[in-house]
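Trainee: Can you read through this structure? Questions will come right after.
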Amino acid sequence: MKCSELLAMLNEYVDGTVDPAICEEFERHMAGCNPCQVVVDNIRNTIILYKGNEVHELPIPFQKKLHAAVRKHWQEVCPGDKPE
Amino acid sequence: MSNPTHIEQSEADLVRLAQQGDLPAFEILTDRHAHRVYGVALRILRNVHDAEDVTQQTFLSAIEHLAAFRGRRSGSGAAPLEFPPVGESGAASQDQPDESAPGTTMFGAWLLKIAARAALKVIRKRRTVEMTSLDEALEVGPGEEHLPHPEFIADWRQVPDVLAQRAEVRELLDRALENLDEKHRLIFLLRDVEGLSIRETAEALGLSEGNVKVRLLRARLQLREELTRTLGDPERQLRPHDHSST
Ligand SMILES: [Zn+2]
């Protein structure tokens, strides 16, 4: 496996969806190729860093507006209206 | 007002109750998911007003389509799950998030897809004004199959947990994300930040799974490159491997 071939399969490897046989090959390449190992590690850290990004709180006035809109629309649509 | 006995209910139960016409159950679901929907809308649209609009649209649309929600998650390899018929017990596993999407329940993923589509509409409207077509931008153009090779390769000086605490790192993250073009940014946000599967991301954006995969890889590589130039330790920089000898 070449570095470029490894690069093409990076998604599958990082997401854990790679075929086991290819995974083995992938790891064998990384064991002998420090740059690829670091790139994979960088990519993992990049995803972790973005995932842990801040939570956006709902502005309070909007929270109230949303509740009111949901209630109003619910009355209009009335889903799951069961025949008694 | 929300019924206090509902608070303890599992998400699958709440969804079932809401599908049977129980408004308090739907209100709890709204409270549980609103910040998440708002977050993705805000990250995609970068405008508070638009994000609020999209959030509201998402929940109103969810009310209309609630009956069609089957609790099925189109995921990355995971077997599709369905809510068992009403009255059947053993629904404990229904709230288990997909392993590729920590914290995202099936109902949550469904809402995020609705939100992404609503946000896309807002972008399309903006584009009409700017006279460029997003649909054109969402096509994979010639030469895009070619992957950029990593250039700056170095271990980071600190672990993500520590980095995430620093304000200037959060600015760097925002800046790097803004430097991606729209199509790559949307895919990265939905897949990696919000935890949708490849298929869900493709469905939300109306793209093929292959298109999403190529774009996701390019987005990840570009972000890696940019972050590593700032966060990487220059003293431990490595040169890309030279294959001329092998
Ligand atoms: Zn390599």
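Trainee: For residue A:64, which lysines qualify as cross-link partners when the Cα separation must be under 25 Å and same-chain residues fewer than eight apart are set aside?
Mentor: Hits, sequence-local ones excluded: A:72, B:113, B:121.
Trainee: Using the heavy atoms of the protein chains alone and a 1.4 angstrom probe, what is the accessible area of chain A per residue in square angstrom?
Mentor: 56 Å²
Trainee: For chain A, return all DSSP H helices satisfying: extent of Cα atoms along own axis at least 20 Å; mean Kyte-Doolittle hydropathy at least 0.0.
Mentor: Span-like helices, by this rule, are A:34-51.
Trainee: Please give me the summed charge of the neighbours of residue B:227: other residues whose Cβ is under 14 Å from its Cβ, Lys and Arg +1, Asp and Glu -1.
Mentor: Neighbourhood net charge equals -2.
Trainee: Go through chain A and flag any cysteine with no other cysteine's C-beta closer than 4.7 Å, please.
Mentor: Those would be A:3, A:23, A:78, since no other cysteine Cβ in chain A comes under 4.7 Å of theirs.
Trainee: Also: Mind checking segment A:1-71 for GluC sites (Glu not before Pro) that DSSP puts in a loop (not H, G, I, E or B) and that have at most 14 other Cβ atoms within 10 Å?
Mentor: Those satisfying the criteria are A:54, A:57.
Trainee: Can you give the calculated 222 nm mean residue ellipticity of chain A, where each DSSP H run of n ≥ 4 adds -39,500 (n - 2.57) and the sum is split over every residue, rounded to the nearest 500 deg cm²/dmol?
Mentor: Taking each H run of at least 4 residues, the total per residue is -22000 deg cm²/dmol.
Trainee: Right, here's the next one. Would you pull out the residues with amide H under 5 Å of residue B:238's amide H, same chain only if 5 or more places away, H placed 1.01 Å from N?
Mentor: Close amide H contacts, sequence-distant or interchain: B:153, B:154.
Trainee: Roughly to the nearest percent, how much of the accessible area of chain A is carbon and sulfur, given a 1.4 Å probe?
Mentor: 53 percent
Trainee: For residue B:197, what residues show an amide H to amide H distance below 5 Å, using hydrogens built from the backbone and excluding near sequence neighbours?
Mentor: none
Trainee: I've got another one for you. Determine the total buried accessible area between chain A and chain B, counting protein heavy atoms only with a 1.4 Å probe; round to the nearest 100 Å².
Mentor: Adding both sides of the contact gives about 4900 Å².
Trainee: Give a residue-ordered list of calculated ³J(HN,Hα) values for segment B:112-127 (Karplus: 6.51 cos²θ - 1.76 cosθ + 1.60, θ = phi - 60°; whole Hz; x for Gly, Pro).
Mentor: Ordered by residue, 3J(HN,Hα) equals 5, 5, 4, 5, 5, 5, 5, 5, 4, 4, 4, 4, 4, 5, 4, 5 Hz.
Trainee: Let me ask something else about it. Which whole-Hz ³J(HN,Hα) couplings does segment B:175-188 yield from phi under the Karplus relation 6.51 cos²θ - 1.76 cosθ + 1.60, θ = phi - 60°, glycine and proline marked x?
Mentor: So the Karplus estimates, Gly and Pro as x, are 5, 4, 5, 5, 6, 6, 6, 3, 4, 5, 5, 4, 5, 4 Hz.
Trainee: Here's another thing I want to ask about it. What does the charge dipole of chain A about its Cα centre add up to, to the nearest 20 debye, if the Cβ of each Lys and Arg holds +1 and the Cβ of each Asp and Glu holds -1?
Mentor: Computed charge dipole of chain A: roughly 580 debye.
Trainee: Which ³J(HN,Hα) values, rounded to whole Hz and listed in residue order, are derived for segment B:16-27 from phi using the Karplus coefficients 6.51, -1.76 and 1.60 in 6.51 cos²θ - 1.76 cosθ + 1.60 with θ = phi - 60°, glycine and proline given as x?
Mentor: Going residue by residue, I get 4, 4, 4, 5, 8, x, 8, 5, x, 5, 5, 5 Hz, with x marking Gly and Pro.
The values are calculated or read from the model by the stated rules, or taken from the named source; none is laboratory data. What you see is a predicted model; the values in this text were computed from it and never measured. Virtual Cβ from ideal backbone geometry, glycine too; neighbours counted across all protein chains shown. Surface areas here come from the heavy atoms of the whole protein model, side chains and all, with no ligands, DNA or RNA. Shrake-Rupley method; radii C 1.70, N 1.55, O 1.52, S 1.80 Å.
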